[in-house]
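K.L.:
Mind having a look at this structure? Questions to follow.
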Amino acid sequence: MTRRTLLQQAGLGLLGFSALAPALAGAEATKSKAPAAKAPVPAAPPGELPPLNRFGRMMQEHYVARVREVERAADARRAALRTRADAEAYVRDVRQKVRQCFGPWPEKTPLNARVTGVVERDTYRIEKVIFESRPNFPVTGNLYMPKGRGGKLPAVVGTCGHNANGKAAEPYQAFAQGLARLGYVCLVYDPLGQGERLQCVGPDLAPRHGVGVAEHIHVGNQQFLVGECVGAWMAWDGIRALDYLLSRPEVDAAHVGVTGNSGGGTQTTWLCAADPRWTMAAPSCFVTTFRRNLENELPADTEQCPPRALALGLDHADFIAAMAPRPVILLGGERDFFDARGLEEAFGRLKNLYRLLGAEDNVRLFIGPNPHGYTQVNREAMYAWFNRQTKISPTSAEPALTIEQDETLRCTARGQVGEAAPATVFTATRDRARALAAKRARVEGATLQRAVADALKLPARDAATPPDYRILRPSAGRRYPKRFAGTYAVETAPGVHAIVYRLSDVDLLSRPPRDARRAILYVAHLSADAELRSEPLIAEAMAAEPASAVFACDVRGIGESLPAITGANPLAPYGSDFFHAIHGLMLDAPYAGQKTHDLLRVVDWLRANGHAEVHLVARGWGALPATFAGVISEGVTQVTLKNALTSYDDIAQNEAYRWPLSCLVPDVLKTFDLPDCYRALAAKQLRQIEPWGAMAGA
């Protein structure tokens, strides 16, 4: 799907996610950053106008500026470290901040571990293991156990990247076999959504919402509504994998390491901070900096973007710093898409910290000549590093390997834990939503306004001081409901503009006229420019209020500021809509809140231009900021919503949904839901037209 086609279809329903469903269902990313499939859409009708997109880089550059500011402040804190005591305090601080990202860990419950089969090989055996990281929440893994070794052995938890077949993928079999042949016990387990652990399957155990990246994003986005984080869930699996490993009598608790590549490098990095029992670590092909990833427009899925991490001043290196001064080697590739410059920057930060802690030799950097992947040179660098700590083997050369068929390594009878109908990430989200709904008090009035502002993380604004704005050159022949439209870029934040069209019977090349006390403000679903031609609700509102001034606007990230990054389809799993929404969560600035702030400032601007009464008319995605702005702003006197989301609870309690992360509000169901807002808006003559549920009317 091209950006042009997306905008051309803006008036025809929740286009992106209707088209996106097949792409998600069929996605089986065999590499961490496999290109997103383009969603098929009908061709644009002949003679359709090209979309207006004069601010296509706006949001990308806004985020880059914000993340650079975060990095500068964090670098200044690191530069101020002078003594061992400073370094120790820094480590304590990052540990506390990591806990804020991932939230409190759940209570440890019985692992209920069982071995479902054994594969005998020459110098090792493979036990097929299933344990429960949470009640009735199975984790499938392969335990590689050396033969003919006496006493307790060093052990390693292996975490997998985004390969569809998880633990059976060749790189993970390779390092597990290599470690076992060198004398290590190694447990490699399937991540959520991969291997035998698909979370959303049908009766035939086929994936309903994709594999790997696609499922991580699908179940992970939904979790935010109830205050959960899929990255924390995946890290918890790793913690419980360590619990299982330490329950084995063959394992030496004095030497336990963790390693993984790509998405497994992500989990290794998070696990360095999540559990103090690791004695060594080797993340591969992940560690860089958040700034490099953002500037390079490199997407990452939900578990790779910890909530509030950037707001707390954390970077990749800090999650490893939480492990200091225990030994860690950072592995990368010169030709990896994870920028080697960022890896070197991360290493430099850690090197200084370890030096202050008196353990400079406990941190190492290895950048192989390879592209992305746990290649043999990287694996051998890992073997050498672990051998340096354990002295288990005099050699770090990788022994000869035999890659097994996937079926040989299966822990379940039919290849999926879903055959036993266990708990899943979705059922946990659903149950959590039900529990929150049962105890959530009804909120209204000022209490609701505060709850909305807090959940959206709305920045302070001076409603009495109107925002500055630019007067743009009008585009002729757009076929709007009136002959002319003045166009204004209203500055809602530094470098950020909401684009506002003012319909007129005369040409507008100057500031908007002050010719009506009342204004209609249409808030677009995907593009005000396209919807001014296609959306009948606008003409209906104009006919009902012929004396009102008529405006339409794009809040940030749609229409004129639809980002031109991360591929042609903004709504693909790794598309720009998700990319900027997930960075908003890391900055503790939900995208829905940013869009609501835009709309509140536009209302302030209208009031400053003489429109004391504003009738918000909104559709689809635009109905969400319109709802929130209607609750908060005194200038909004009437609200009409078409295709508004029925409730966030509908999304949380339905496995299938099509609303994007940019429309979701983290933790919202702890304090309020959309029906609370709709009740409040009854005082502003709320009119609801064809509400959309979790499936967005499809």
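K.L.:
Looking for whichever is surrounded by fewer than 15 Cβ atoms within 10 Å (Cβ to Cβ) and of a type in the set (Asp, Glu) here; the options are Asp406, Asp462. Which one fits?
P.N.:
Details: Asp406 fails: surrounded by fewer than 15 Cβ atoms within 10 Å (Cβ to Cβ).
None of the other options fit; the residue is Asp462.
K.L.:
Out of contact with any Phe, Trp or Tyr (no Cβ under 8 Å at 6 or more places or on another chain), in the same structural domain as Trp233 (by TED's automatic domain parsing), assigned to a strand (DSSP E or B) and among the small types (Gly, Ala, Ser) - does that describe any residue in the range 111-126?
P.N.:
Checking the range 111-126: at least one residue is out of contact with any Phe, Trp or Tyr (no Cβ under 8 Å at 6 or more places or on another chain), in the same structural domain as Trp233 (by TED's automatic domain parsing), assigned to a strand (DSSP E or B) and among the small types (Gly, Ala, Ser).
K.L.:
Here is a follow-up. Which pairs have Cβ atoms under 6 Å, sit 6 or more apart or on different chains, and link a residue in the range 140-152 that is free of Cβ contacts under 8 Å to residues at least 40 places away in the same chain to one that is acidic (Asp, Glu)?
P.N.:
Note: no pairs meet the criteria.
K.L.:
Hey, among Ile499, Ile471, which residue is more than 15 Å from Asp598 (Cα to Cα), modelled with pLDDT of 95 or more and among the aliphatic types (A, V, I, L, M)?
P.N.:
Only one candidate qualifies: Ile471.
K.L.:
Right, here's the next one. Take the conditions in contact with an Asp or Glu (Cβ under 7 Å, 6 or more places away or on another chain), farther than 30 Å from Pro327 by Cβ and either outside any helix (DSSP H, G or I) or modelled with pLDDT of 95 or more (or both) and apply them to Ala413. Does it pass?
P.N.:
Criteria met by Ala413.
K.L.:
Of all residues in the range 47-71, which are part of a loop (DSSP other than H, G, I, E, B) and either surrounded by fewer than 20 Cβ atoms within 10 Å (Cβ to Cβ) or at pLDDT below 95 (or both)? Steps first, answer last, please.
P.N.:
First pass over the range 47-71, keeping only residues part of a loop (DSSP other than H, G, I, E, B): 47-57.
Passing the criteria: Gly47, Glu48, Leu49, Pro50, Pro51, Leu52, Asn53, Arg54, Gly56, Arg57.
K.L.:
Turning to a different aspect of this structure: Quick check: is even one residue across the range 549-563 under 18 Å from Phe484 (Cα atoms), in a loop (DSSP other than H, G, I, E, B) and touching a residue at least 12 places away in the same chain (Cβ under 8 Å)?
P.N.:
Within the range 549-563, none of the residues are under 18 Å from Phe484 (Cα atoms), in a loop (DSSP other than H, G, I, E, B) and touching a residue at least 12 places away in the same chain (Cβ under 8 Å).
K.L.:
Give me the pairs, please: first residue somewhere in the range 206-218 and over 19 Å from Thr159 (Cα atoms), second residue anywhere and in a loop (DSSP other than H, G, I, E, B), beta-carbon distance under 6 Å, and either six or more positions apart or on two chains.
P.N.:
Pro207/Leu198; Arg208/Cys200; Arg208/Gly202; His209/Cys200; Gly210/Ala27; His218/His209
K.L.:
Right, next: When you look at Val219, is it touching a helix residue (DSSP H, G or I) at 6+ places or on another chain (Cβ under 8 Å), farther than 24 Å from Thr390 by Cβ, of a type in the set (Val, Ile, Thr) and assigned to a helix (DSSP H, G or I), yes or no?
P.N.:
In short, yes.
K.L.:
Oh, and also: Please count how many residues of the range 310-351 are farther than 21 Å from Asn261 by Cα and either touching a Leu at 6+ places or on another chain (Cβ under 7 Å) or modelled with pLDDT under 95 (or both).
P.N.:
Going through the range 310-351 one residue at a time, the tally reaches 3.
K.L.:
Here's a follow-up. Go through the range 173-206 residue by residue and tally those that are crowded, with 24+ Cβ neighbours inside 10 Å, over 18 Å from the mean Cα position of the chain (by Cα) and within 30 Å of His580 (Cα to Cα).
P.N.:
4
K.L.:
Collect the residues in the range 535-562 that are in contact with a helix residue (DSSP H, G or I) (Cβ under 9 Å, 6 or more places away or on another chain) and farther than 22 Å from Glu613 by Cβ, keeping them in residue-number order.
P.N.:
First, pick out the residues of the range 535-562 that are in contact with a helix residue (DSSP H, G or I) (Cβ under 9 Å, 6 or more places away or on another chain): 537-538, 548-562.
Scanning the range 535-562 gives Asp554, Arg556, Gly557, Ile558, Gly559, Glu560, Ser561, Leu562.
K.L.:
What are the residue pairs meeting all of these: first residue in the range 225-252, first residue on the phi > 0 side of the Ramachandran plot and in the same structural domain as Asp275 (by TED's automatic domain parsing), second residue surrounded by fewer than 18 Cβ atoms within 10 Å (Cβ to Cβ) and assigned to a helix (DSSP H, G or I), Cβ atoms under 6 Å, and 6 or more apart or on different chains?
P.N.:
Here the result reads Gly227/Lys670, each pair linking the range 225-252 to a residue that is surrounded by fewer than 18 Cβ atoms within 10 Å (Cβ to Cβ) and assigned to a helix (DSSP H, G or I).
K.L.:
Of all the helices (runs of 4 or more DSSP H) wholly in the range 574-640, which have at least 3 residues that are more than 30 Å from Phe290 (Cα to Cα)? Steps first, please.
P.N.:
On the way: elements: 576-586, 591-608, 623-632.
Here the list reads 591-608, 623-632.
K.L.:
Criterion first (touching a helix residue (DSSP H, G or I) at 6+ places or on another chain (Cβ under 8 Å), more than 25 Å from Gln173 (Cβ to Cβ), without any contact (Cβ under 8 Å) to a residue 40 or more places away in the chain and not charged (D, E, K, R)) does Leu356 satisfy it? Quick ask: steps written out before the conclusion?
P.N.:
On the way: touching a helix residue (DSSP H, G or I) at 6+ places or on another chain (Cβ under 8 Å): yes; more than 25 Å from Gln173 (Cβ to Cβ): yes; without any contact (Cβ under 8 Å) to a residue 40 or more places away in the chain: no; not charged (D, E, K, R): yes.
No; evaluated as a whole, the condition is false for this residue.
K.L.:
So, one more: Have a look at Thr289, Thr279 and point out the one that is surrounded by 21 or more Cβ atoms within 10 Å (Cβ to Cβ), touching a Gly at 6+ places or on another chain (Cβ under 7 Å) and assigned by TED's automatic domain parsing to the domain that holds Asp318.
P.N.:
Details: Thr279 fails: surrounded by 21 or more Cβ atoms within 10 Å (Cβ to Cβ).
None of the other options fit; the residue is Thr289.
K.L.:
Let me ask something additional. Thr259: outside the structural domain of Ala581 (by TED's automatic domain parsing), within 22 Å of Asp339 (Cα to Cα) and crowded, with 24+ Cβ neighbours inside 10 Å, yes or no?
P.N.:
In short, yes.
K.L.:
While we're on this one: Report whether or not Ala656 is assigned by TED's automatic domain parsing to the domain that holds Glu613, part of a helix (DSSP H, G or I), surrounded by fewer than 21 Cβ atoms within 10 Å (Cβ to Cβ) and at pLDDT 95 or above. Working first, answer last.
P.N.:
Numbers: assigned by TED's automatic domain parsing to the domain that holds Glu613: yes; part of a helix (DSSP H, G or I): no; surrounded by fewer than 21 Cβ atoms within 10 Å (Cβ to Cβ): yes; at pLDDT 95 or above: yes.
No; evaluated as a whole, the condition is false for this residue.
K.L.:
Based on what the data block shows, is Val425 surrounded by 14 or more Cβ atoms within 10 Å (Cβ to Cβ), more than 19 Å from Trp233 (Cα to Cα) and of a type in the set (Val, Ile, Thr)? Before you say what the answer is, go through the steps one by one.
P.N.:
Details: surrounded by 14 or more Cβ atoms within 10 Å (Cβ to Cβ): yes; more than 19 Å from Trp233 (Cα to Cα): no; of a type in the set (Val, Ile, Thr): yes.
The answer is no for Val425.
K.L.:
Can I ask one more? Within the range 230-260, how many residues are in contact with a strand residue (DSSP E or B) (Cβ under 7 Å, 6 or more places away or on another chain) and either more than 22 Å from Ile130 (Cα to Cα) or modelled with pLDDT under 95 (or both)?
P.N.:
Matching residues across the range 230-260 total 1.
K.L.:
Among the residues that make up the range 444-454, is at least one of them in a loop (DSSP other than H, G, I, E, B) and under 30 Å from His216 (Cα atoms)?
P.N.:
At the first step, the residues of the range 444-454 found to be in a loop (DSSP other than H, G, I, E, B) are 444.
Going one step further and asking which of them are under 30 Å from His216 (Cα atoms), we end up with none.
No - not one qualifying residue is present in the range 444-454.
K.L.:
Please find, within the range 678-698, the residue that is surrounded by the most Cβ atoms within 10 Å (Cβ to Cβ) out of those that are in contact with a Leu (Cβ under 7 Å, 6 or more places away or on another chain) and in a helix (DSSP H, G or I).
P.N.:
Of everything passing the filter in the range 678-698, Ala680 is surrounded by the most Cβ atoms within 10 Å (Cβ to Cβ).
K.L.:
If we scan the range 107-116, do we find a residue that is hydroxyl-bearing (Ser, Thr, Tyr), in contact with a Lys or Arg (Cβ under 6 Å, 6 or more places away or on another chain) and surrounded by 13 or more Cβ atoms within 10 Å (Cβ to Cβ)? Write out each step before concluding.
P.N.:
From the range 107-116, those hydroxyl-bearing (Ser, Thr, Tyr) are 109, 116; that's our starting set.
Checking the rest, the ones that are also in contact with a Lys or Arg (Cβ under 6 Å, 6 or more places away or on another chain) come to 116.
If we keep only those that are surrounded by 13 or more Cβ atoms within 10 Å (Cβ to Cβ) too, we end up with 116.
Yes, there is a match, as at least one residue in the range 107-116 is hydroxyl-bearing (Ser, Thr, Tyr), in contact with a Lys or Arg (Cβ under 6 Å, 6 or more places away or on another chain) and surrounded by 13 or more Cβ atoms within 10 Å (Cβ to Cβ).
The values are calculated or read from the model by the stated rules, or taken from the named source; none is laboratory data. Bear in mind that the values here come from a model prediction, so they are computed numbers and not experimental data. Cβ atoms come from the backbone with ideal geometry, glycine included; neighbour counts cover every protein chain shown.
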